[in-house]
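Chemist: Okay, here's the structure, questions in a sec.
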Amino acid sequence: TPGSSASASGAASNREAAEEGARKIFSSLDRDNSGAVSFAELEATLGAILPSTWTEAKIRRLISEYDTNGDGELNFEEFFEWLTQALDSAPAVKRAVSRRSFIQHKLKTGISYKAASDLFDLGDVDASASIDSAEDAFLSLVAMSDTKDVTELYRRSAAENLSRHPDSHRRETLVRMFMSWDRDGTGQISCDELGVILRDINPRFGDEEVGALLKNMDADRNGYVDFREFIGWVTDAPTSVGMWVTEELGYAVAFHRIIAEECRNTFRQEMFEASLHQTAKAWTELVGMRMECHTLNPGTNLVCKKCKKRHAWACHFCGCISFGDSCVNDCDTSSYAWTCISGFCQKKKCLCKKTTKHWNQAESGDLGKLSPVIFLRTLRDLSHFVERELRSNQARGDDNDVEAAIQQSKAAIRPSTR
């Protein structure tokens with residue numbers, strides 16, 4: 001029939017294109033033009049570029065599995081059989097991907113610029129400044145064939161990203177990496193989200209690979225990867241509870257600053273400021289401090305417009321409580337509002353009088369009681385909520401109804417007890 005003929009013709013055309021691309025890759029590996037790729041040639045290319053991935057043992061296993069005539073090398077037919085497993089599972093690429101598009105796409109999944117650039121150079125076998133279907137399949141096989149490769153790729157990316165930023169921005173770097181995986185902004189990476197990332201890296205990855213990586217990352221075995229688990233995995237330095245108690249405060253501030261900037265850049269700062277204004281009140285109620293003023297002030301005000309002073313106040317950029325004139329995190333507050341809690345010291349009831357010992361007696365992981373300068377754990381709940389709102393509204397194209405979002409934010413930040 002005409003339909004089946006067209007289908008057969010299309011399949012034949014696709015195979016011809018795949019073979020053409022495969023021959024181009026094969027030729028680049030067959031350095032002596034013998035018509036076969038030897039162990040030495042594979043080691044000289046794959047082993048030199050990715051020595052930790054393509055070990056001598058792995059190269060020999062590859063040859064052993066696909067060397068059907070037993071000559072110890074891979075001829076084109078044998079090489080094409082290996083490459084076909086990736087070509088068959090990969091989505092059809094209608095046109096070659098440019099270097100810029102390739103790198104930008106990888107950056108969105110948390111891969112560093114250098115790692116993405118190196119991946120492109122490895123995949124661009126013919127040096128055409130673009131990667132076609134065959135080259136993309138080859139890249140997935142040689143650089144991202146299993147979850148071990150994925151782990152190594154992201155640990156390398158984390159190290160490279162951290163090395164490019166000063167210490168003051170190191171936490172923000174890892175937070176942004178986590179956010180690129182946490183697509184729905186819930187504060188944890190689900191199995192589905194992990195699958196999206198893995199299949200984007202290599203379309204051949206299925207449920208088995210997703211499950212293996214989840215098991216490797218999910219330390220508490222609850223089926224999700226939280227921020228602490230992600231940091232432990234990507235830095236290859238699992239954090240103890242005691243260590244994380246201190247680190248979590250810094251990461252909460254980093255997360256908050258990123259969300260604050262995102263809200264400002266997407267014209268949703270009004271919603272964010274209103275939400276934080278309510279959070280400050282919830283925080284004082286939880287820790288037993290009187291909210292004497294509760295006035296929302298623009299960042300340009302150095303003293304409260306109501307009480308004409310500033311003693312205890314909430315910085316809306318970092319999400320922290322400060323006592324005195326300056327933010328405890330040295331924030332430039334001119335672009336973000338602040339909430340006045342009290343213009344004067346409340347003496348025994350003022351948290352500025354509490355000692356470090358008082359805060360260290362708190363339960364591990366409870367931001368509300370670990371430090372007098374943090375908004376409590378509802379800070380993270382609020383940030384995740386606002387992020388979800390931003391992303392869902394952007395998906396709907398809905399830039400209105402700020403008041404409704406503010407009311408929902410207020411409900412989301414009510415302090416929890418346990």
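The values are calculated or read from the model by the stated rules, or taken from the named source; none is laboratory data. The shown structure was predicted, so the numbers you read here are calculated from the model rather than taken from an experiment. Here Cβ is always computed from backbone atoms with ideal geometry, including for glycine, and neighbour counts include all displayed protein chains. Quick note on the areas: whole protein, heavy atoms, side chains included, nothing else; ligands and nucleic acids left out. Shrake-Rupley method; radii C 1.70, N 1.55, O 1.52, S 1.80 Å.
Chemist: Take the residues in region 119-136 that are without any contact (Cβ under 8 Å) to a residue 60 or more places away in the chain and assigned to a helix (DSSP H, G or I), then tell me which one is most open to solvent (accessible area, probe 1.4 Å). Reasoning before the result, please.
Modeler: Filtering region 119-136 for residues without any contact (Cβ under 8 Å) to a residue 60 or more places away in the chain gives 119-121, 123-124, 127-131, 136.
Those left that are additionally assigned to a helix (DSSP H, G or I): 119-121, 123, 136.
On the way: Leu119: 14, Phe120: 2, Asp121: 83, Gly123: 0, Asp136: 54 Å².
For region 119-136, the residue satisfying everything is Asp121.
Chemist: Identify the residue in region 230-250 that is surrounded by fewer than 20 Cβ atoms within 10 Å (Cβ to Cβ), modelled with pLDDT of 70 or more and assigned to a helix (DSSP H, G or I) and, among all such residues, is nearest to the chain's Cα centre (by Cα).
Modeler: Step one: filter region 230-250 for residues surrounded by fewer than 20 Cβ atoms within 10 Å (Cβ to Cβ), giving 232, 235-247, 249-250.
From the residues that got through so far, the ones that are modelled with pLDDT of 70 or more too are 232, 235-237, 247, 249-250.
Going one step further and asking which of them are assigned to a helix (DSSP H, G or I), we end up with 232, 247, 249-250.
Numbers: Gly232: 13, Glu247: 18, Leu249: 19, Gly250: 17 Å.
That would be Gly232.
Chemist: Please work out if Arg99 is in contact with a helix residue (DSSP H, G or I) (Cβ under 6 Å, 6 or more places away or on another chain), open to solvent by 50 Å² or more (accessible area, probe 1.4 Å) and not acidic (Asp, Glu). Break it down stepwise before answering.
Modeler: On the way: in contact with a helix residue (DSSP H, G or I) (Cβ under 6 Å, 6 or more places away or on another chain): yes; open to solvent by 50 Å² or more (accessible area, probe 1.4 Å): yes; not acidic (Asp, Glu): yes.
Answer is yes for this residue.
Chemist: Residue check, Ala219 against (1) open to solvent by less than 70 Å² (accessible area, probe 1.4 Å); (2) hydrophobic (A, V, I, L, M, F, W, C); (3) in a loop (DSSP other than H, G, I, E, B), all met but one. Which one?
Modeler: (1)
Chemist: While we're on this one: Considering only region 148-201, state which residues are touching a strand residue (DSSP E or B) at 6+ places or on another chain (Cβ under 6 Å) and among the hydrophobic types (A, V, I, L, M, F, W, C).
Modeler: Once the filter is applied, which keeps residues that are touching a strand residue (DSSP E or B) at 6+ places or on another chain (Cβ under 6 Å) and among the hydrophobic types (A, V, I, L, M, F, W, C), region 148-201 yields Trp181, Ile189.
Chemist: Looking at region 78-101, is at least one residue more than 19 Å from Ile197 (Cβ to Cβ), modelled with pLDDT under 90, not in a helix (DSSP H, G or I) and not aliphatic (A, V, I, L, M)?
Modeler: Scanning region 78-101 turns up at least one residue that is more than 19 Å from Ile197 (Cβ to Cβ), modelled with pLDDT under 90, not in a helix (DSSP H, G or I) and not aliphatic (A, V, I, L, M).
Chemist: Continuing with the same structure: Given Glu285, Glu273, which one is surrounded by fewer than 18 Cβ atoms within 10 Å (Cβ to Cβ) and either in a helix (DSSP H, G or I) or touching a helix residue (DSSP H, G or I) at 6+ places or on another chain (Cβ under 7 Å) (or both)? Give the steps one after another, and end with the answer.
Modeler: Details: Glu273 fails: surrounded by fewer than 18 Cβ atoms within 10 Å (Cβ to Cβ).
After applying the criteria, what remains is Glu285.
Chemist: List the pairs whose first member sits in region 45-66 and is surrounded by 11 or more Cβ atoms within 10 Å (Cβ to Cβ), whose second member is among the charged types (D, E, K, R), and whose Cβ atoms are under 6 Å apart, counting only residues at least 6 apart or on separate chains?
Modeler: Here the result reads Thr53/Asp149; Ile59/Glu43; Tyr66/Glu78; Tyr66/Glu81, each pair linking region 45-66 to a residue that is among the charged types (D, E, K, R).
Chemist: Follow-up. Among Ser140, Ser145, which is the only one that is touching a residue at least 12 places away in the same chain (Cβ under 8 Å), under 28 Å from Lys215 (Cβ atoms), open to solvent by 20 Å² or more (accessible area, probe 1.4 Å) and of a type in the set (Gly, Ala, Ser)?
Modeler: Selected residue: Ser145, the only one of Ser140, Ser145 that is touching a residue at least 12 places away in the same chain (Cβ under 8 Å), under 28 Å from Lys215 (Cβ atoms), open to solvent by 20 Å² or more (accessible area, probe 1.4 Å) and of a type in the set (Gly, Ala, Ser).
Chemist: Could you give every pair whose Cβ atoms fall below 6 Å, whose first residue belongs to region 202-222 and is β-branched (Val, Ile, Thr), and whose second residue is in a helix (DSSP H, G or I), counting only separations of at least 6 or pairs across chains?
Modeler: Every condition considered, the pairs that remain are Val210/Leu194; Val210/Gly195; Val210/Leu198.
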